[in-house]
Structures are given as structure tokens and as C-alpha cells.
1. Name the residues in segment 308-319 that are out of contact with any Pro (no Cβ under 9 Å at 6 or more places or on another chain) and surrounded by 14 or more Cβ atoms within 10 Å (Cβ to Cβ), would you?
2. Looking at (1) out of contact with any strand residue (DSSP E or B) (no Cβ under 6 Å at 6 or more places or on another chain); (2) surrounded by fewer than 20 Cβ atoms within 10 Å (Cβ to Cβ); (3) aliphatic (A, V, I, L, M), which is the only condition residue 247 fails?
3. Can you tell me which residue is surrounded by the most Cβ atoms within 10 Å (Cβ to Cβ) among those in segment 287-307 that are modelled with pLDDT under 95 and either touching a strand residue (DSSP E or B) at 6+ places or on another chain (Cβ under 9 Å) or closer than 13 Å to residue 177 by Cβ (or both)?
4. Could you list all residues from segment 250-274 that are surrounded by fewer than 22 Cβ atoms within 10 Å (Cβ to Cβ), out of contact with any strand residue (DSSP E or B) (no Cβ under 8 Å at 6 or more places or on another chain) and closer than 14 Å to residue 313 by Cβ?
5. Out of the residues in segment 249-262 that are under 20 Å from residue 308 (Cα atoms) and without any contact (Cβ under 8 Å) to a residue 60 or more places away in the chain, which is farthest from the chain's Cα centre (by Cα)?
6. From the list 229, 246, 269, which residue is without any contact (Cβ under 8 Å) to a residue 40 or more places away in the chain, of a type in the set (Gly, Ala, Ser) and in contact with a helix residue (DSSP H, G or I) (Cβ under 9 Å, 6 or more places away or on another chain)?
7. Might you let me know whether segment 126-148 holds any residue that is within 26 Å of residue 328 (Cβ to Cβ), more than 21 Å from the chain's Cα centre (by Cα) and touching a residue at least 40 places away in the same chain (Cβ under 8 Å)?
Amino acid sequence: MSNFDKNIPVHRIFSGKLRRYHHLSVLRQLLWPSLVLKNVRDGFLVLLGFFQSFFKLIIWRPDVVFTKGGYVCLPVGIAARILSIPLVIHDSDAHPGLTNRILSKWATKIATGAPLEYYSYPKERSRYVGIPVASEFHEFTEFEQLEAKEKWGIRTDRPLIVVTGGGLGASRINDAIMKDLGSLLKLGSLILVSGKWQYDEIKAIAPKNDDNFQLHSFVSNNMNLLLGAADVVIARAGATTILELAALAKPTILIPNAKLTGGHQIKNAEVYRKAGAVKIVDEDLMIDKPSILTDVVNEILSNRKETLQMSQLFAPFARPDAATDVADMIISCVK
């Protein structure tokens, strides 16, 4: 939020989401009372958000509405449809979320984060633009990578393994890393970004931070330098994270969170696995046998030819003009 322009007015509306869990059957979810009650409550919040959006759009009279697909976008997009305001949507995930599947029926233009073959959107209204990422995420030269390692106080004579589970961390990845930390440190240095929730727990059992191992709860600055310093990255399969790693052309191991709604991380990861650009480790298998993850890390670090090929296949997915392309689509819809 530090880069947010405070001169841009922000208005809030009520909204709610339909809670669905990929790893549970529909019947089990229907028999979960608290889940059903939350979904019913959020249905009323969506209705309230629609009326808020409807009157705000009447007052503002915008030329175009742009939405990114989160559940808060649904009441806004429906209000735009009723008021005949052009609507542009962007879908980061390779699997369209429920909001975008609804709004796509009447969207004027649709921008996608992955190639169009992974969407059922009308091709005549859709365009593959990628995901806008900061320009600091770019392919590092060998000198830049060494310099980044020095800035992070990590050894430059060993490969660097960077593990991150996103802003909140990923406890199952953290646990697997700590269970096989000794073996991983034989392969290279390691930096683990654990997330704030599990940081104290891991710190109590982890080695002290030095030039071979570092534990951080969260990285708010210079994430590009941390990932740029890495020789292999282990991460979740969020759409933006994947495209940042593509821009860096990093050898990457993705561990999708299978429990998220719609299994969208699994589908995100599969796009890049099919292209030969990343490796995927199944989370459940990793928990039962953490050495599986170590084996894949070793495979990447010991096979330079394959690693280089992965990077070459991954890099083209980065779309440096994504922000400009989305802006052009929005402007072109202005009547």
C-alpha cells in the first residue's frame, strides 16, 4: 500500500462471497451449518452492495467500469450492466472465478492473465495480456544475482534456495522445509519467508540467521532482489507470484494450495507445467514425505541444461506491457 496514490478517492461497498472448498464434496458443504449460514448472510450483503453501487454509478456517471474479478466486483459489475456502462474485466487466474464467469456474459472486453485456450470466454471479446507486475521484476544477469545475494547477506559461493508461501505464509510448506532442512542445506543456502503466523514457532527450532540460512516473517521491501538472488524458488501458485517469477525467469517449484475455492492454484500451476516451465510438487505427498521436495530441488540444481531450458520456457509468459495493454482496452471502451 506504500505506493498507493492517496489522491485517488476510495469508496467501500458491502459485498460477500460464496464459500466453496475444492477438497470437500457439495453434500458435505451443504451439511456444514456455519458455512451455509455465512453464504446466506453474504448473499444479502451482495444485494446491499448492488444498491450501493447502482446509486454511486448514477451519481458518478463513469464512462467505463473496470473490475479485477474479486467477489466485491460482482455487485459493481451488475450495476454497470443495468446502467449500460461499458464493463472491462481482467482475470488473473487460469481458472475463471465465479464473479468473472458471471460478469463475462455481458462484459464489453475481457483481459486474461493466461493464454486464451484456458478460458471459455468469447474469443472476439477477449485478449491475452498477462498480469501487470512491477518493472523491478526482470531477468537478472549473473552479476546482478551475485550483487543481490550480497545485499541479503547470503553466501555467493553456493546456490540459493528461496521459499515463500505468500504474505500469510504456508504452514504445510514451512513444516516440510523444517523437517528436511538438513538435507536442503547440503544442496545450498536457504532463505525461508514463513509468514507472521508461524514465525515464532519456526524461529524457536531454526538455526540462527547467518550467511547460509535466514528466516524472515515477511518481506515488504526488495522482494524482487530476494527472488532475483535465488537459484531456485519454492512458492505457492498464486497468479501474480507466478508471473513475477516468469519475469525473473527463475527455476521454480510450485506447490499449489489444493483447498482453495475452485482449485484455481492447481489449474494455474498446470498451465506452466504443461509448457515445461516449472516443476510441481503435490502438497499431500510432500507432507507424507518431505524429502520429495528436496529431491526436486536437487534435480533442478544438478541439471543445469534442464534448468536453463525451464527458464527459457518460463520467461515468455511474462508480459511487460500488460498494464499498458489493459489501459488501452479500458480507454477503447469509452463511448
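1. Going through segment 308-319, the residues out of contact with any Pro (no Cβ under 9 Å at 6 or more places or on another chain) turn out to be 309, 312-313, 315-316, 318.
Those that are out of contact with any Pro (no Cβ under 9 Å at 6 or more places or on another chain) and surrounded by 14 or more Cβ atoms within 10 Å (Cβ to Cβ): 309, 313, 315, 318.
2. (2)
3. 290
4. Answer for segment 250-274, where residues must be surrounded by fewer than 22 Cβ atoms within 10 Å (Cβ to Cβ), out of contact with any strand residue (DSSP E or B) (no Cβ under 8 Å at 6 or more places or on another chain) and closer than 14 Å to residue 313 by Cβ: just 274.
5. Within segment 249-262, the subset under 20 Å from residue 308 (Cα atoms) is 249-254.
When the remaining residues are screened for being without any contact (Cβ under 8 Å) to a residue 60 or more places away in the chain, the result is 253-254.
Values: 253: 14, 254: 11 Å.
Checked segment 249-262; the qualifying residue farthest from the chain's Cα centre (by Cα) is 253.
6. Details: 229 fails: without any contact (Cβ under 8 Å) to a residue 40 or more places away in the chain; 246 fails: without any contact (Cβ under 8 Å) to a residue 40 or more places away in the chain.
None of the others qualify; the one that does is 269.
7. No: segment 126-148 contains no residue that is within 26 Å of residue 328 (Cβ to Cβ), more than 21 Å from the chain's Cα centre (by Cα) and touching a residue at least 40 places away in the same chain (Cβ under 8 Å).
Yes or no, residue by residue, for (1) in contact (Cβ under 8 Å) with a residue 60 or more places away in the chain; (2) within 22 Å of residue 256 (Cα to Cα):
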site	(1), (2)
150	no, no
154	yes, no
162	yes, yes
166	yes, yes
170	yes, yes
177	yes, yes
182	no, no
200	no, no
203	no, no
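The values are calculated or read from the model by the stated rules, or taken from the named source; none is laboratory data. Being a predicted model, the structure only gives us computed values, none of them experimental. Glycine also receives a Cβ, built like all others from the backbone with ideal geometry; neighbour counts cover every protein chain displayed.
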